[in-house]
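Encoded as structure tokens, the structure appears first; notes follow it.
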Amino acid sequence: MNFAVLVFPGSNCDIDCYKAVEQTVGQPVDYVWHTATDLSKYDCILIPGGFSYGDYLRSGAIARFAPVMAEVAKAAAAGKYVMGICNGFQVLTEAGLLPGALRRNMSLKFRCHSTILRVENNKTAFTNQYEVGEMIDIPIAHGEGNYYCDEVTLEQLKKNDQIIFRYSDNPNGSMEDIAGICNEQGNVLGLMPHPERAVNQLLGSEDGKKMFTSILNAWREQHDAASIG
Amino acid sequence: MFKATVYVTVKENVLDPQGVAVQGALHSMGFSEVSKVRIGKYMAFEIDTTDRVEAEERVRQMCEKLLANTVVEDYRFELEG
């Protein structure tokens with residue numbers, strides 16, 4: 001299984017994502033620059049955190065027009081796995097690959113600390129190794145993670161089980177304590193917390209590990225190979 | 001040549017935490033008559049065309065595609081020249 005970690009000018013969690021893939025699932029992984037125009041060899045695309053294009057205008061607003069994003073849209077439409085973390089989540093909402101938007105934190109503060117998330121749906125490619133209701137410790141680091149969508153969209157998210165993670169103690173004022181959502185097809189996930197920063201006890205938590213092993217597991221199931229333990 | 005001025009603000013039905021903070025500050029300073037504070041963005045640029053209708057349409061497209069996120073923001077603009 002091939003992983004791509006996108007790199008925009010201003011990405012700063014790209015190395016963490018790369019290392020997390022190496023250390024959790026040990027699959028081939030490449031850094032892919034924002035100017036790339038072919039992602040066809042990749043099965044999973046990770047859009048890392050950071051401040052793409054300095055977050056000028058709005059977080060993710062300029063990155064979403066980078067050449068590589070047309071390829072991400074293609075990959076998403078083809079059913080490949082796309083995970084946007086933090087700034088990556090912001091890029092995915094700006095690109096319209098996920099509904100809603102991320103506003104300034106209610107507190108106006110940049111919040112950087114561990115958060116406890118509740119796994120709401122474990123029937124996705126990103127969460128199949130978790131239990132529903134499992135409480136996991138994943139850190140956040142953002143100033144604009146306050147998820148918003150209109151009421152019609154919110155109803156759809158609930159109806160289709162697209163709310164994947166909720167905060168147990170909401171750090172940013174997001175609607176319904178939303179920390180992460182997926183698209184209707186379930187192959188595109190966006191979340192504000194950083195699973196790649198929680199893959200080893202040395203980092204304070206290894207609860208993010210299962211997000212990566214879930215992806216590999218989903219891919220193997222899709223490709224009819226033995227699943228990993 | 002037109003001079004375009006674009007204003008982008010958080011939608012009225014969407015909470016604007018900056019607006020709330022500034023309103024709180026104004027109230028605590030004694031400006032208690034203030035309500036509905038919104039913080040926004042001001043953008044100015046020139047457009048190289050002589051056709052006002054075309055200029056309006058182009059600026060509208062810029063706002064829809066990039067300058068505003070219409071999920072949470074409203075925009076309006078003025079053209080001068």
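The values are calculated or read from the model by the stated rules, or taken from the named source; none is laboratory data. Small disclaimer: the values here were computed from a predicted structure and weren't measured. Reconstructed Cβ throughout: ideal geometry from the backbone, glycine too, with neighbour counts over all protein chains shown.
Among the residues of this structure, residue A:45 counts as one that is buried (at least 18 other Cβ atoms within 10 Å of the Cβ), in contact with a strand residue (DSSP E or B) (Cβ under 6 Å, 6 or more places away or on another chain) and modelled with pLDDT of 95 or more. A Cβ distance below 8 Å, combined with a sequence gap of six or more or placement on separate chains, defines the contacts here; from the range A:71-87, residues that are farther than 14 Å from residue A:98 by Cα and modelled with pLDDT of 95 or more reach residues that are surrounded by fewer than 24 Cβ atoms within 10 Å (Cβ to Cβ) and of a type in the set (D, E, K, R) in the pairs A:71/A:38; A:80/A:43. Selection of the range A:175-193 for residues being crowded, with 24+ Cβ neighbours inside 10 Å and either more than 14 Å from residue A:97 (Cα to Cα) or within 14 Å of chain B (Cβ to nearest Cβ) (or both) yields A:178, A:179, A:181, A:190, A:192, A:193. Within the range B:11-29, if we keep just the residues that are in contact (Cβ under 8 Å) with a residue 40 or more places away in the chain and within 11 Å of chain A (Cβ to nearest Cβ), the residue that is nearest to residue B:75 (Cα to Cα) turns out to be B:11. Scanning the range A:40-62 for residues that are within 14 Å of chain B (Cβ to nearest Cβ), touching an Asp or Glu at 6+ places or on another chain (Cβ under 9 Å) and either of a type outside the set (A, V, I, L, M) or within 20 Å of residue A:180 (Cα to Cα) (or both) yields A:55, A:58, A:59, A:60, A:61.
Scanning the range B:30-42 for residues that are hydrophobic (A, V, I, L, M, F, W, C) and touching a helix residue (DSSP H, G or I) at 6+ places or on another chain (Cβ under 6 Å), we see that the one that is farthest from the other protein chains (Cβ to nearest Cβ) is B:34. Scanning the range B:59-74 for residues that are more than 12 Å from every other protein chain (Cβ to nearest Cβ) and surrounded by 20 or more Cβ atoms within 10 Å (Cβ to Cβ) gives a single hit, B:59. Of the residues that make up the range A:153-160, is at least one assigned to a loop (DSSP other than H, G, I, E, B) and within 27 Å of residue A:223 (Cβ to Cβ)? Yes: the range A:153-160 contains one or more residues that are assigned to a loop (DSSP other than H, G, I, E, B) and within 27 Å of residue A:223 (Cβ to Cβ). For the range A:65-93, how many residues meet the condition of being in a helix (DSSP H, G or I) and surrounded by 24 or more Cβ atoms within 10 Å (Cβ to Cβ)? Matching residues across the range A:65-93 total 8. Can you name every residue in the range A:119-149 that is surrounded by fewer than 16 Cβ atoms within 10 Å (Cβ to Cβ) and without any contact (Cβ under 8 Å) to a residue 60 or more places away in the chain? A:131, A:132, A:133, A:134, A:135, listed by residue number. Out of curiosity, is residue B:79 within 16 Å of the chain's Cα centre (by Cα), more than 9 Å from chain A (Cβ to nearest Cβ) and under 29 Å from residue A:60 (Cα atoms)? Spelling it out, residue B:79 is indeed within 16 Å of the chain's Cα centre (by Cα), more than 9 Å from chain A (Cβ to nearest Cβ) and under 29 Å from residue A:60 (Cα atoms).
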